[in-house]
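Below is one structure. I have some questions about it.
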Amino acid sequence: PAASGMRTFAIVPEQSSASYEVQEKFLNRAAPNKAIGTTKAVEGELQLSLDGQPTGQVSTITVDLRQLTSDSSRRDSRIRSEWLESDKYPFATFTSTEVQGAPASYTDGQEVSFKLVGNMTIREITKPVTFDVVGKQGDTITGTATAQLLMKDFGFDPPNIAGILTVEDGVTVTVNFTAKES
């Protein structure tokens, strides 16, 4: 590919993951560990131009929510059937609309931080979301993108099992990605 112009990179699912992290409470006390669910069912493309001031965008990243797995098969089952209803709404998608705080110039292998602003769709509800991204590019692009979401924004209440086990309404979503030029 030419050294100038837009380059397209495809996410490599085997080397990428998407996860959620929530704080569970047992009898109104924070549980010692956060609940974390992870999947490698991540697909998407990124376009980058490193000419002059770096620019880029994510066409769309799609995560198969049915594949999220935590340390509790019971939790995973209830996420699929009740809370997130991923059996009914299997995919979360994110499409970027702008990059904020990109560096003025870029050198291959340099780690950069920026904000990726876009629209997240979960359960057929679309809301603006901003990811904090740290990444670097050489022959592949690697990085981590993190955002905070509220369950209520996407149409469901935080899990509450008879008031004994509850979950705070704040979800940390993390995408660790590796993308290769396509």
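Taking the stated definitions as given, is residue 93 among the polar types (S, T, N, Q), within 20 Å of residue 41 (Cβ to Cβ) and touching a residue at least 40 places away in the same chain (Cβ under 8 Å)?
Numbers: among the polar types (S, T, N, Q): yes; within 20 Å of residue 41 (Cβ to Cβ): yes; touching a residue at least 40 places away in the same chain (Cβ under 8 Å): no.
For residue 93, the condition - among the polar types (S, T, N, Q), within 20 Å of residue 41 (Cβ to Cβ) and touching a residue at least 40 places away in the same chain (Cβ under 8 Å) - is not met.
Can you tell me which residue is least open to solvent (accessible area, probe 1.4 Å) among those in the range 14-23 that are farther than 16 Å from residue 144 by Cβ and modelled with pLDDT under 95?
22
Next question, about the same structure. Tell me which residues, restricted to the range 7-30, are more than 27 Å from residue 165 (Cα to Cα), charged (D, E, K, R) and in a strand (DSSP E or B).
Once the filter is applied, which keeps residues that are more than 27 Å from residue 165 (Cα to Cα), charged (D, E, K, R) and in a strand (DSSP E or B), the range 7-30 yields only 7.
Restricting the search to the range 103-120, which residues are without any contact (Cβ under 8 Å) to a residue 60 or more places away in the chain and in a strand (DSSP E or B)? Can you show your working first?
Start the filter on the range 103-120 by keeping residues that are without any contact (Cβ under 8 Å) to a residue 60 or more places away in the chain, which leaves 103-117, 119-120.
Those that are without any contact (Cβ under 8 Å) to a residue 60 or more places away in the chain and in a strand (DSSP E or B): 112, 113, 114, 115, 116, 117, 119, 120.
So the check is Cβ under 7 Å with 6+ separation or different chains; which pairs have a first residue in the range 144-159 that's surrounded by fewer than 18 Cβ atoms within 10 Å (Cβ to Cβ) and a second one that's among the hydroxyl-bearing types (Ser, Thr, Tyr) and modelled with pLDDT of 90 or more?
Going by the 7 Å Cβ cut-off, the qualifying pairs are 144/174; 146/172; 146/174; 148/172.
Among (1) over 21 Å from residue 142 (Cα atoms); (2) touching a residue at least 12 places away in the same chain (Cβ under 8 Å), which single condition is residue 43 missing?
Result: residue 43 passes all but (1).
For the range 122-143, give me each residue that is open to solvent by less than 40 Å² (accessible area, probe 1.4 Å), among the β-branched types (Val, Ile, Thr) and within 22 Å of residue 8 (Cβ to Cβ).
133, 141
Further question on the same structure: Going through the range 100-116 one residue at a time, which ones are touching a strand residue (DSSP E or B) at 6+ places or on another chain (Cβ under 9 Å) and loosely packed, with under 14 Cβ neighbours inside 10 Å?
Let us first name the residues in the range 100-116 that are touching a strand residue (DSSP E or B) at 6+ places or on another chain (Cβ under 9 Å), namely 100-103, 106, 108-116.
Correct list: 100, 101, 103, 108, 109, 110, 111, 113.
Looking only at the range 41-58, count how many residues are at pLDDT 75 or above and on the phi < 0 side of the Ramachandran plot. Talk me through it step by step, then tell me what you get.
Looking only at the range 41-58, we keep the residues that are at pLDDT 75 or above, and these are 41-48.
Narrowing the set further to residues that are on the phi < 0 side of the Ramachandran plot leaves 41-43, 45-48.
So the answer is 7.
Give the residues of the range 70-85 that are closer than 13 Å to residue 155 by Cα and either crowded, with 18+ Cβ neighbours inside 10 Å or not hydrophobic (A, V, I, L, M, F, W, C) (or both), sorted by residue number.
As a first pass, look at the range 70-85 and keep what is closer than 13 Å to residue 155 by Cα: 82-85.
82, 84, 85 - these are the residues of the range 70-85 that are closer than 13 Å to residue 155 by Cα and either crowded, with 18+ Cβ neighbours inside 10 Å or not hydrophobic (A, V, I, L, M, F, W, C) (or both).
Still on this structure, please answer the following. Since residue 163 meets every condition but one in (1) free of Cβ contacts under 8 Å to residues at least 60 places away in the same chain; (2) small (Gly, Ala, Ser); (3) closer than 15 Å to residue 18 by Cα, which condition does it not meet?
Going through the list (1) free of Cβ contacts under 8 Å to residues at least 60 places away in the same chain; (2) small (Gly, Ala, Ser); (3) closer than 15 Å to residue 18 by Cα, residue 163 breaks only (3).
Just to check your reading of the model, which residue among 96, 73 is over 18 Å from residue 148 (Cβ atoms) and polar (S, T, N, Q)?
Numbers: 96 fails: over 18 Å from residue 148 (Cβ atoms).
Only one candidate passes the filter, namely 73.
The values are calculated or read from the model by the stated rules, or taken from the named source; none is laboratory data. These figures come from a predicted structure and were not determined experimentally. With ideal geometry, Cβ positions are generated from the backbone for all residues, glycine too; neighbour counts draw on all protein chains shown. Surface accessibility is based on the protein's heavy atoms, side chains included, excluding ligands, DNA and RNA. Shrake-Rupley method; radii C 1.70, N 1.55, O 1.52, S 1.80 Å.
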